[in-house]
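The structure under discussion appears below in the form of structure tokens.
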Amino acid sequence: MAEPVARYRTQVSGLWNTTHRIVGNDGELGVLTMRRNRFGLVCEGRWSPHKGEVLHFRRDPGILRSQFSLWTAGREWLGSSLRSSFLHREIVLHTGSRPLRIVPLSGLRTGWTIQAPRTGELARLEGGLVLRSMRLDVYKKLELEQLLFAYFLAWQVRREAFWPGPEQDEDPSLASAHKPLAPPPLAPPPPPRSGPEPNAPPTA
């Protein structure tokens, strides 16, 4: 197992509307707040960093869960999320460059893993079931905004990670291994000739 390139932990307070303090190796990075509507659903969030730009998480219109979008204070779109089924425990995160998948960890672990096409696991979000706080381990290049968005979504459905998820490429040390190249495709046969073949005897 490879060591994470960055590690964060969260400190959660509040019952109805919650406050999440994101702490790294150099101290606290900022505060993420989540606000619920009268039906108990998280309807919006706000990331207030000690240094950097404020981010807004907004619920998009629709009946599906985990349907949010991420915006800057200057109304610049940074990403959106969608959970296409009420039964499947997979959240797709679109950031404009490559789609990311947030799925439960496999085995006897509680948490979520962030997967990217061809790259495998980018980060892991563990805990949150009993004490509500989580540990965020980043293994590969991942923007902080994307990590916060994934945490914002995963924390809301953290209890659904109680049951193990499907097997994934959750070992970052395996993603860099070279895979055997596929054999080149066979060349198509030459097209049939329309005229007489060369050296063919003349016809009477």
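The values are calculated or read from the model by the stated rules, or taken from the named source; none is laboratory data. Everything numeric here is computed off the predicted structure, so don't read it as measured data. Because the Cβ atoms are built from the backbone with ideal geometry, glycine has one as well, and the counts that use them run over all protein chains shown.
Computed quantities for the displayed model
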{"item": "Filter result for Gly96 (modelled with pLDDT under 90 and either over 19 Å from Arg124 (Cβ atoms) or crowded, with 18+ Cβ neighbours inside 10 Å (or both))", "result": "yes"}
{"item": "Only listed residue being surrounded by 14 or more Cβ atoms within 10 Å (Cβ to Cβ), touching a Cys at 6+ places or on another chain (Cβ under 6 Å) and not polar (S, T, N, Q), chosen from Arg21, Arg59", "result": "Arg59"}
{"item": "Members of segment 5-17 that are touching a Lys or Arg at 6+ places or on another chain (Cβ under 8 Å) and either closer than 19 Å to Leu55 by Cβ or surrounded by 13 or more Cβ atoms within 10 Å (Cβ to Cβ) (or both)", "result": "Val5, Arg7, Tyr8, Arg9, Thr10, Gln11, Val12, Asn17"}
{"item": "Enumeration of residues in segment 16-52 that are closer than 20 Å to Val157 by Cβ, in contact (Cβ under 8 Å) with a residue 12 or more places away in the chain and polar (S, T, N, Q)", "result": "Asn17, Thr18, Thr19, Thr33"}
{"item": "Subset of segment 130-141 (residues that are buried (at least 17 other Cβ atoms within 10 Å of the Cβ) and either in a strand (DSSP E or B) or β-branched (Val, Ile, Thr) (or both))", "result": "Met134, Leu136, Asp137, Val138"}
{"item": "Qualifying residue in segment 87-98 (condition: free of Cβ contacts under 8 Å to residues at least 12 places away in the same chain and more than 22 Å from Tyr139 (Cβ to Cβ))", "result": "yes"}
{"item": "Positions within segment 78-129 being under 27 Å from Val12 (Cα atoms), polar (S, T, N, Q) and in a loop (DSSP other than H, G, I, E, B), in sequence order", "result": "Thr95, Ser106, Thr110"}
{"item": "Yes/no for Trp71 being surrounded by 15 or more Cβ atoms within 10 Å (Cβ to Cβ), within 18 Å of Leu136 (Cβ to Cβ), among the hydrophobic types (A, V, I, L, M, F, W, C) and touching a residue at least 12 places away in the same chain (Cβ under 8 Å)", "result": "no"}
{"item": "Residue that is nearest to Ile114 (Cα to Cα) [pool: residues in segment 1-15 that are assigned to a loop (DSSP other than H, G, I, E, B) and without any contact (Cβ under 8 Å) to a residue 24 or more places away in the chain]", "result": "Glu3"}
{"item": "Strands (runs of 3 or more DSSP E) enclosed by segment 28-77 - at least 3 residues per element that are aliphatic (A, V, I, L, M) and either under 19 Å from the mean Cα position of the chain (by Cα) or at pLDDT below 95 (or both)", "result": "none"}
